[in-house]
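Each remark here refers to the structure printed beneath this line.
The values are calculated or read from the model by the stated rules, or taken from the named source; none is laboratory data. Here the structure is a predicted model, which is why all the values come from computation and not from measurement. As a convention, Cβ positions derive from the backbone with ideal geometry for all residues, glycine included, and neighbour counts pool all protein chains shown. Ligands, DNA and RNA are stripped out before the accessible areas are found, and what is left, the full protein with its side chains, is counted by its heavy atoms. Shrake-Rupley method; radii C 1.70, N 1.55, O 1.52, S 1.80 Å.
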Amino acid sequence: MKTLIINGSPNGKRGNTEILSREFMKGIQISPEVRYVAEEDCVSLAKYMNDFDNWLFFFPLYVNAMPGIVKRLFEELEPDENKAVGYFVQSGFEEAAQSDYLTAILKNFNKRMGYRDLGIVIAGGMAGVRYMPD
């Protein structure tokens with residue numbers, strides 16, 4: 001089973017999302033490929049994603065929503081009951097309640113598309129993570 005990590009941060013490799021996804025990858029048994037939505041055409045990326053069984057989206061929360069580039073990518077994805085999809089949403093907000101609306105949207109999206117839901121990780125208080133020592 002092939003796994004793809006999709007970094008949906010508009011900051012690409014320069015943001016907190018990159019740091020958190022790299023730390024996540026240190027703790028898993030596989031070596032997934034990583035793609036950056038900010039660096040690619042959404043139509044081409046959506047087609048490329050079809051070669052993978054599992055998708056793990058990492059992105060920041062912006063004003064209770066996903067970044068526009070992630071929403072644009074979602075518009076290109078096709079329903080597929082053979083895909084398993086999970087999410088890691090990080091934000092500078094201390095409380096997880098800021099992510100409630102987005103959590104509902106992501107769960108509904110997986111259900112509507114027929115994706116097996118791998119769950120949603122919500123991480124608050126991440127605003128200064130890039131300034132923290134290793």
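So, with a 1.4 angstrom probe, what is the percent of accessible area on the chain that is carbon and sulfur? Each step should come with its number before you reach the end.
Details: 3800 of 7470 Å².
That fraction is 51 percent.
When each pair of different Cα atoms in region 1-74 is counted once in the 1/r mean, what is the Kirkwood radius in angstroms, to one decimal? Please list the in-between numbers first.
On the way: mean 1/r = 0.0796 Å⁻¹.
Result for region 1-74, one decimal place: 12.6 Å.
How big is the charge dipole of region 47-97 about its Cα centre, in debye rounded to the nearest 20, if each Lys and Arg gets +1 on its Cβ and each Asp and Glu gets -1 on its Cβ? Kindly include the intermediate steps, with their values, before the conclusion.
Numbers: 4 positive and 9 negative charges, 38 e Å.
Value, rounded to 20: 180 debye.
To the nearest 500 deg cm²/dmol, what mean residue ellipticity at 222 nm is calculated for the chain from DSSP H runs of n ≥ 4 alone, each contributing -39,500 (n - 2.57), summed and divided by the residues? Provide the component values of the computation, followed by the final result.
Working: 4 runs with 40 residues, N = 134.
It comes out at -9000 deg cm²/dmol, rounded to the nearest 500.
Counting only heavy atoms of the protein chains, get the accessible area per residue of the chain (1.4 Å probe) and round it to a whole Å² value. Before the final figure, lay out each step's value.
Numbers: 7470 Å² over 134 residues.
On a per-residue basis, the chain sits at 56 Å².
With the crude spin-label approximation of a point 7 Å out along Cα→Cβ, what separation in nm comes out for ARG72 versus ASN11?
2.0
Give me the dipole magnitude in Debye, nearest 20, for the chain about the Cα centre, with unit charges on the beta carbon: positive for Lys and Arg, negative for Asp and Glu.
Values: 15 positive and 18 negative charges, 13 e Å.
Using Cβ point charges on Lys, Arg, Asp and Glu, the chain gives about 60 debye.
Give the Cα extents of the chain along the principal axes, in whole Å, largest first.
39, 30, 27
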